[in-house]
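The values are calculated or read from the model by the stated rules, or taken from the named source; none is laboratory data. Since the structure is predicted, the reported quantities are computational estimates derived from the model, not experimental observations. Don't worry about glycine lacking a Cβ; one is built from the backbone with ideal geometry, like all the others, and counts go over all protein chains shown. Ligands, DNA and RNA are excluded from the accessible area calculation, which covers all protein heavy atoms including side chains. Shrake-Rupley method; radii C 1.70, N 1.55, O 1.52, S 1.80 Å.
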Amino acid sequence: MFSLERWQEVFETISKNKLRTFLTGFSVASGIFILVILLGVSVGFQNGIESQFQNDAENIINVYPGRTALSFEGFNKGRRIQLRNEDYDVVLENSKQEIEFKSPMYQIFAGLISHGNNSGNYRVEGVLPDYQYLEKADIIQGRFINANDNKTKEKYAVIGNRVKKDLFQDESPLGKYIQVSGLNFKVVGVFTDPGGDREETRIYVPISTAQIVFGAGTDIRSMGFTLPKEENYELALKQSNAFAAQMERLLKIKLQIDPKDESALFISNNIENTKEIYVLISAMQVFFWGVGIATLLAGIIGVSNIMLIIVKERTKEIGIRKALGAEPLSIVGMILHESIFVTAISGLFGLIFGLVLLEIVGPFIELDFIKNPSVNFSIAVSTLLLLIAAGAIAGFFPAWRGARIKPIDALRDE
Amino acid sequence: MIEIKNLHKSYKMGKNSLHVLKGINFNVEEGELVSIMGSSGSGKSTLLNILGMLDEADEGSYTLDGVPIKNLNEKLAAQYRNKFLGFIFQSFNLINYKSALDNVALPLYYQGVNRSERMERSMAYLEKVGLAAWAHHKPNELSGGQKQRVAIARALASDPKVLLADELTGALDSKTSYEIMDLIQQINDEGRTILVVTHEEDIAQMSKRIVNLKDGVIIDDRKITQVRAIQNV
Ligand SMILES: Nc1ncnc2c1ncn2[C@@H]1O[C@H](COP(=O)(O)OP(=O)(O)OP(=O)(O)O)[C@@H](O)[C@H]1O
Ligand SMILES: [Mg+2]
């Protein structure tokens, strides 16, 4: 079908109609280019918004012990419950849900904490590395407590920005020591917390260190977990409720608590609060799908219009060719061959140009609501194919009509 | 070569219908040079377009070189146009983005002749009409007479049985018209059948037979002694 002779004819036509070829090519290329950029920006938007609300969409499930309200298996009611490392391990080992972040916490009532002549009253919490994400502490200097610190039970501390201001003023605290209950802890990091000043009055230390140096044995004060973000709120709700229920069951068996006892364990599950975020994110997705489809539609209409105009403009030429013995199929073939060729080449140009631009500029874009705009390559290519097909289909009908009309009518066209 | 019987053609315009050809009967033998005359609106172009298969009659029969032209499918019609007929228009109808040579080569392209042979044969026809030197010029770089010569070369390129020319000198001054008619006479001398539509008496006198149309019927059809165009150039 695509014979060499016709390739020659098509090349001749497009090279001798430079303006038309350029205009067609340019509009197709810029159409694809704009489409790619728009798709990229909308992906960027989605990335940005998702990362903005990513944290808020996280459901933190915390467990605190209380006192029993019912007597059970020989224990009197009013018994104080103590959580231990092994209880934390039981939850991890038996969870049917995938856990994203997890940490036990041991809180020390250490009294005055000092550096040199400065001192203050701060909360000291022994934690695991994940605690940073449970608390959304942003490291602004140094680092957070890591796994190694816990393994080797280092006397390291990560201090809140408020603590830093109080104890160190303008001095850099990294590598310096603070005194906690008469023990020197080396400062390895400073954090800020979206929760504000109050949250920044904390000091984090490795939990293993805390348990040893403060003689806590294996006691823990509470534990926190997050589950990964789900596709939608219903799924997230289901997962987190299942997780909380299972954890409660496990711990009550382990700690010998009456299953009906409501005051021995407090499990806080704030999943309901994430509902709006899930709704917002899915609304965004619908919106950007809409934007994508609308842009694509605009592209298809644009290409179709160009093809219509080109065929219209060539009516007389079609008449001449028919008078000279062109068969209808050869007319249709010629027009489609040319249009597919021009759309494909120029579309490819626009596509590559758009992708390259996104690739180069994209990573630098880090506005509040736009983050790393990028386009999935296969989506971009299918978009191009769709436009080529649209151009071909849009070109086909007028070409077919043009090829079918009586030569004399085509010739009369001015 | 051409046999038409009782040919009718009407144009429909909305509710009205304009009866243009009202039963035309005539035959053309091989090698004839016929001019069709008549006042404006008498149906000359309509008749020629039907003969050239650019348009279709409503009624009557048309036989071209023994082949009945009736209810042909588009593909067959295209092949007949290509093989049997060469058309020359008043307004030249050259493709303006193609060189003279490529214009002439176009009917050969639709015959499936390969490119090098196409070029060779087209060049020969351009030489025949005296335009070899202009082969690579676009139509807009040529004079009216030159354009019409290119159109004649193109009409000849597919070696058709019949040449049909509608007011081929209509856009040309009289000197150029005679030069073109001289070319037409030479081509006819080689034995090719030619029909020209004209309303100029001097041009008609250069053919061998004049058919007169009036209100869609032939009112007069006579052989004449040909005036050689070369004498007027
Ligand atoms: N496509 C058309 N639609 C409607 N009417 C038409 C059409 N083509 C021609 N006619 C009418 O048919 C009649 C014959 O037209 P035709 O072109 O055959 O005349 P002609 O003899 O060639 O005239 P001229 O010498 O002016 O070229 C005219 O009245 C014209 O208006
Ligand atoms: Mg006419």
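Simple spin-label estimate for A:V279 and A:S263 gives 3.6 nm between the two label positions (7 Å along the Cα-to-Cβ direction from each Cα). Using a 1.4 angstrom probe on protein heavy atoms only, the contact between A and B buries about 2600 square angstrom of accessible area, both sides summed.
Solvent-accessible area assigned to carbon and sulfur over the protein assembly as shown amounts to 55 percent, based on a 1.4 Å probe. Computed with every protein chain present, the accessible area of A:D170 is close to 150 Å² [probe 1.4 Å].
With a simple spin-label model that places each label point 7 Å from the Cα along the Cα-to-Cβ direction, the separation between A:L250 and A:I293 comes to 4.3 nm. Backbone geometry of the range A:13-26 corresponds, through the Karplus equation with coefficients 6.51, -1.76 and 1.60 at θ = phi - 60°, to 3J(HN,Hα) couplings of 4, 6, 6, 8, 10, 4, 4, 4, 4, 4, 5, 4, x, 5 Hz, x marking Gly and Pro.
Accessible surface of B:H199, taken over heavy atoms with a 1.4 Å probe and every protein chain present, rounds to 110 Å².
Using only Cα atoms, tell me the angle between helix A:275-313 and the longest principal axis of chain A; keep it within 0 to 90° and round to the nearest 10. So the inclination is approximately 10 degrees. Its relative contact order, with pairs defined as Cα atoms under 8 Å and 6+ residues apart, puts chain A at 27 percent. Can you list the residues of the range B:45-83 whose accessible area drops by at least 10 Å² going from the chain on its own to the full set of protein chains, with a 1.4 Å probe? Listed by number, the residues meeting the 10 Å² cut-off are B:N49, B:L54, B:D55, B:E56, B:E74, B:K75, B:A78, B:Q79, B:R81, B:N82.
Take each peptide in A:178-185, A:384-391, count the other Cβ atoms within 10 Å of every residue, and average; sorted highest first, the result is A:384-391, A:178-185. What separates the Cα centres of the range A:329-359 and the range B:163-225 is a distance of 49 Å. Couplings for the range A:383-388, taken from phi via the Karplus curve 6.51 cos²θ - 1.76 cosθ + 1.60 with θ = phi - 60°, read 4, 4, 4, 4, 5, 4 Hz in order; Gly and Pro are left as x. Spin-label model, B:N73 to B:Q226: label points 7 Å out along the Cα-to-beta-carbon direction sit 4.1 nm apart.
Accessible surface area normalised per residue over the protein assembly as shown is 47 Å², counting heavy atoms of protein chains with a 1.4 Å rolling probe. Heavy-atom accessible surface of A:K312, to the nearest 10 Å², is about 120 Å², with a 1.4 Å probe and all protein chains retained.
Using only Cα atoms, find the angle between the long axis of helix A:233-254 and the longest principal axis of chain A, and express it within 0 to 90 degrees, rounded to the nearest 10. The angle comes out at about 20 degrees. Accessible area ranking (1.4 Å probe, heavy atoms, ligands and nucleic acids excluded), largest first, for B:M206, B:M13: B:M13, B:M206. Quick one: go through the range A:2-19 and flag any residue whose amide nitrogen is under 19 Å from the point 7 Å out along the Cα-to-Cβ line of B:N114. Output list for this probe position: A:2-10. With all protein chains in place and ligands, DNA and RNA left out, the 1.4 Å accessible area ranks A:M105, B:M123 as B:M123, A:M105, largest first.
Among B:K98, A:K164, A:K371, the sequence by solvent-accessible area, most first, with a 1.4 Å probe is A:K371, A:K164, B:K98.
The mean number of partner chain beta-carbon atoms within 10 angstrom of a residue's beta-carbon across peptide A:313-324 is 6. The phi-based Karplus calculation (6.51 cos²θ - 1.76 cosθ + 1.60; θ = phi - 60°) puts the 3J(HN,Hα) values of the range A:208-222 at 5, 4, 4, 5, 6, 6, 9, x, 8, x, 10, 5, 10, 8, 7 Hz, whole numbers, x for Gly and Pro.
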